[in-house]
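Any read-out appearing in this document is the output of simple, stated calculations on the displayed coordinates, not a laboratory observation. Computed from a prediction, not measured in an experiment: that's the story for all the values here. Note: ideal-geometry Cβ built from the backbone for every residue, glycine included; neighbour counts use all protein chains shown.
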Amino acid sequence: MMDKLKIPNGTLAVPAEYKEQVIPECSGNPFIEALPPILNAEEAAERLAFYPPYHPQERKLESHYRIHMVQRLFQIFQPLPVHLDLESRISRLLRQGYLARNPLKPQFLQHLKKSDEIIKGINGVLETNELFRTTASGFSIVGVSGMGKSTAVNQILRMYPQVIIHSRYKETKFSVYQLVWLKLDCPFDGSIKGLCIEFFNKVDNLLGTDYYKKIRKWTLQRRQHGECYLQDRSEPRPWPACNR
Ligand SMILES: Nc1ncnc2c1ncn2[C@@H]1O[C@H](COP(=O)(O)OP(=O)(O)OP(=O)(O)O)[C@@H](O)[C@H]1O
Ligand SMILES: [Mg+2]
């Protein structure tokens, strides 16, 4: 992988390197071709494992030093079969989501244009966008506290660059930041509104955009017209009345 570059907001991003794809439907999609290669189980186990360095001579050190070294145990990551399954799921999930979002396909660009018009209130409503059939999917991880859910997800996401910079794809000028993954914490009140706010804040922090400010301004304008788009669905209220 190439050296990281600092984008204007200070985030470290990786310049895109397009890889040849074995899976035919992944070919020709710069977002998929720029991802790290698909790993087999051995490669995944090797990449996920982390064993902090240790030297037998350290046993001879005094206890007040050794106690600090014991802290290294918290960095260990031991890959288990369940982690290999999770790594493959995340890898499939990312690629699957990009299949219908090929930025070089006219259908996707049409969808973006249409969504933009809908958001600006020019044309149609958000629910009736028939142009786009998503290929994105999802899954949940359920398990007792402390079994390693967060650690496993973090360790797997670390294998993917968070931001990839595209500037040219083959002969085409293609200047885009690809945000590969975003990890959002569940808002304290479990609300959709809190999740949206967290989403825009995180994107803005990473890319230096000002979506949150724009969305807030736009929402306030809508409210003045008696409509609310970024409403909190956790508290059912008559739509479109929303005066918070
Ligand atoms: N595969 C692993 N190898 C080594 N240590 C691990 C592994 N998985 C988890 N741990 C350790 O177990 C502890 C608990 O893990 P973690 O916080 O990921 O659990 P969790 O399932 O997310 O818990 P919660 O549901 O409370 O959020 C952490 O200290 C982590 O370092
Ligand atoms: Mg956790």
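Note the angle between two axes, namely the Cα long axis of helix 81-99 and the longest principal axis of the Cα atoms of the chain, as a number of degrees from 0 to 90, rounded to the nearest 10.
Roughly 30 degrees, rounded to the nearest 10.
For D189, D210, what ranking results if the residue with the fewest other Cβ atoms within 10 Å of its Cβ goes first?
Numbers: D189 10, D210 13.
Ranked by crowding around the Cβ, least crowded first: D189, D210.
How far is helix 106-119 tilted off the main Cα axis of the chain, in degrees rounded to 10, range 0 to 90?
The angle comes out near 70 degrees.
At what distance in nm do the modelled label points of K105 and E46 sit from each other, each positioned 7 Å from its Cα along Cα→Cβ?
Distance between the two pseudo-spin positions: 3.4 nm.
Roughly how big is the chain's charge dipole about its Cα centre, with Cβ charges of +1 (Lys, Arg) and -1 (Asp, Glu), in debye to the nearest 20? Don't jump to the answer; show the numbers that get you there.
On the way: 34 positive and 25 negative charges, 132 e Å.
Computed about the Cα centre, the dipole is about 640 debye.
Among G148, S63, V14, whose Cα projects farthest towards the positive end of the dipole of the chain, with charges put on the beta-carbon of Lys, Arg (+1) and Asp, Glu (-1)?
Sorting the options by dipole projection puts first V14.
Please compute P(r) over all alpha-carbon pairs of the stretch 5-184, binned at 5 Å starting from zero, and give each bin as a whole-number percent.
Reading upward from the zero bin: 1, 6, 12, 14, 15, 14, 12, 9, 6, 4, 3, 2, 1, 1, 0.
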